[in-house]
Amino acid sequence: MPLFRLLMMILLALTPVAGTAQGLQLGFGKSEQDTGLPVEVTAESLSVNQSDGSAVFEGKVDISQGDMRMTADQVNVHYTDDNQAIERLVAAGNVLLVQGTDAAEADEAVYSIESGNVVMTGNVTVLQAATTISADKMILNLNNNTAQLVGRVKTVLKSE
């Protein structure tokens with residue numbers, strides 16, 4: 001039994017290294033997000049450019065869709081070619097994404113509405129219960145409640 005215990009300790013010691021070198025898969029939020037729900041935006045100011053189909057919200061930007069919430073210093077809204085729907089949101093500066101009890105911070109996030117993908121880059125930190133995970137990039141799919149972290153993924157695995 002001591003050999004088994006030693007092997008388990010070595011395996012547990014190497015697990016964070018494997019997580020650091022490769023990507024990490026995890027869920028995010030308590031359930032799948034309905035990306036068809038309306039997107040509500042609150043900010044200090046709004047600039048609209050009809051010619052390129054974009055809008056820029058600045059100052060304490062707060063976006064909500066269902067139980068998902070995103071805050072940032074600035075958010076660029078890009079509309080579809082016919083200007084009838086939002087195609088994507090590009091958030092920059094102190095980006096915080098919250099869904100259920102999970103939260104993620106980053107320098108920038110791009111939310112593609114139709115696909116339900118959120119790509120967060122720059123100093124990404126994910127908080128899930130007592131676990132904190134950091135990475136260079138997180139690819140979050142709100143439709144199937146999955147997330148992948150890549151680029152110097154780091155976490156501390158606790159035994160209890």
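Scanning the range 122-153 for residues that are touching a Phe, Trp or Tyr at 6+ places or on another chain (Cβ under 9 Å) and either hydrophobic (A, V, I, L, M, F, W, C) or on the phi < 0 side of the Ramachandran plot (or both) returns Val126, Gln128, Met138, Leu140, Asn141, Leu142, Thr146, Ala147. Of Val95, Val126, all but one fail to be of a type in the set (Val, Ile, Thr), touching a strand residue (DSSP E or B) at 6+ places or on another chain (Cβ under 6 Å) and touching a residue at least 40 places away in the same chain (Cβ under 8 Å); the exception is Val126. Quick check on Ala91: is it touching a Ser or Thr at 6+ places or on another chain (Cβ under 9 Å), of a type in the set (Gly, Ala, Ser) and over 28 Å from Asn49 (Cβ atoms)? Considered against the rule, which asks whether it is touching a Ser or Thr at 6+ places or on another chain (Cβ under 9 Å), of a type in the set (Gly, Ala, Ser) and over 28 Å from Asn49 (Cβ atoms), Ala91 comes out as no. Scan the range 43-72 for residues that are in a strand (DSSP E or B) and either under 29 Å from Val126 (Cβ atoms) or not aliphatic (A, V, I, L, M) (or both) and the total you get is 20. Quick check on the range 43-58: of everything there that is surrounded by 12 or more Cβ atoms within 10 Å (Cβ to Cβ) and not hydrophobic (A, V, I, L, M, F, W, C), which residue is modelled with the highest pLDDT? Within the range 43-58, the match that is modelled with the highest pLDDT is Glu58.
The values are calculated or read from the model by the stated rules, or taken from the named source; none is laboratory data. Note that this is a predicted model, so its numbers are computed, not measured. Methodologically, a virtual Cβ is constructed for each residue, glycine included, from the backbone with ideal geometry; neighbour enumeration extends over all protein chains shown.
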